[in-house]
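Data first, discussion second: the structure below is written as structure tokens.
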Amino acid sequence: MTVQAPPAPTVRAETPGLWERANKATLAMAGVTVALFAVFGIASDNFLTFDNMSNLATQVAITLIVAVAMTFVITTGQIDLSVGSTVAFVAVLTAEMLQAGWDSSLVIVAALLAGLFWGGVNGYLSAYHRIPPFIVTLATMSVIRGLAQLWTEGFSVPIDARLYVAKIGRAEFLGFSALAWIALGTVVIGAVLLAKTRFGNYVNGIGSQEESVRRAGVNTNRIKMVALMLTGLAAGVAGLLTAARLGSGSANSAQAFELTVIAAVVLGGTDLFGGRGTMTGTVIGALITGMIANGLTLLGVSPFLTPIVTGLVLLAAIWLNLRGHGIAELGAHLLGRGRGRDRAKEPA
């Protein structure tokens, strides 16, 4: 007599829900953003006015432009500390060229190429000479700003307000500055690149499993270099817009700017160890850093307190990123250790 075994029960694979798939850090920071809007809106009658929202968008714009590019860098597991110095250098270059009588269109091209050049230097030394990007950009941070200071001897270089570049800093559309619209366009381009292109997939893959991506035939060195070139290009745009907005170029501008940018990216939920980037989170992080500065100013708090608060916010963001990791692991990551198996040479 044959005994037929009962059929095995069918097990359905559960599809992760929206909450499981969501970036918890980004959702948390979105809540913080709403809370800050509420707190500053109650504490100051001027905070939620249209004029102040337009002003806030302008204040956040330059940070956001560079933060979008920094999202790619941090997602690949790298970091760029030289963006503030690059902004200052390009601002000085812009002002000096305009003062020397160069056409505005050529000045804009030169500003972008200068930013791209410094990003290329960082990327080449880091990706192809195996020098950790933390070390490379720490060195170029000093070199780039030093060159700007040597060039100007510490003086600001004024820009004629009648010139086209200067007018960009004052231009408005629908009540918002040209800077804000440029930042919005940068966010859209960055979001598409990160989420919808092969380059974005490689960026995420390199940050989490660089060796696997390399074995799949991807030139990971090139991708990492391009990521750092993007931050250089973005810093070039930011330097040009900084000079246009302030009406001058100064070697002392954008001090500690890199900390604000990194804080915006990490606050938004991009993993400091790489492998997970979020452009939505970067926008939220930039808004938080901008709102803190804007809200404290409206409340009459000393402007010298703003960098202290920004530093504490960055510290809190790093602490959140370190959950499940250790300080030693973060140090090893920044110094390029702990990825020895990913160091195999690959084609140029």
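The values are calculated or read from the model by the stated rules, or taken from the named source; none is laboratory data. Just so it is clear, the model here is predicted, and its values are computed rather than measured. All Cβ positions, even for glycine, are placed from backbone atoms using ideal geometry, and neighbour counts span all protein chains on display.
Residue-by-condition table, conditions (1) in contact with a strand residue (DSSP E or B) (Cβ under 7 Å, 6 or more places away or on another chain); (2) surrounded by 24 or more Cβ atoms within 10 Å (Cβ to Cβ); (3) assigned to a loop (DSSP other than H, G, I, E, B):
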{"position": "Phe40", "(1), (2), (3)": "no, no, no"}
{"position": "Asn46", "(1), (2), (3)": "no, no, yes"}
{"position": "Met53", "(1), (2), (3)": "no, no, no"}
{"position": "Val68", "(1), (2), (3)": "no, yes, no"}
{"position": "Val73", "(1), (2), (3)": "no, yes, no"}
{"position": "Gly84", "(1), (2), (3)": "no, yes, no"}
{"position": "Val87", "(1), (2), (3)": "no, yes, no"}
Name the residue that is surrounded by the most Cβ atoms within 10 Å (Cβ to Cβ), counting only residues in segment 198-252 that are touching a residue at least 40 places away in the same chain (Cβ under 8 Å) and not in a helix (DSSP H, G or I). Gly249
Could you look through segment 160-188, keep only residues that are aliphatic (A, V, I, L, M) and part of a loop (DSSP other than H, G, I, E, B), and pick out the one that is farthest from Ala110 (Cα to Cα)? Leu174
Filtered residues of segment 111-150 (kept if more than 28 Å from Thr76 (Cβ to Cβ) and surrounded by 15 or more Cβ atoms within 10 Å (Cβ to Cβ)): Gln149
Pairs needed: first member in segment 147-159, assigned to a loop (DSSP other than H, G, I, E, B); second member anywhere, among the aliphatic types (A, V, I, L, M) and surrounded by 14 or more Cβ atoms within 10 Å (Cβ to Cβ); C-beta distance under 6 Å; at least 6 residues apart or different chains. Ile159/Ala95; Ile159/Leu98; Ile159/Ala166
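Listed here are the residues, each with its yes/no results for (1) at pLDDT below 85; (2) more than 16 Å from the chain's Cα centre (by Cα).
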| site | (1), (2) |
| --- | --- |
| Ile284 | no, no |
| Leu287 | no, no |
| Leu296 | no, yes |
| Ser302 | yes, yes |
| Val313 | yes, no |
| Asn321 | yes, yes |
| Ile327 | yes, yes |
| Asp342 | yes, yes |
| Ala348 | yes, yes |
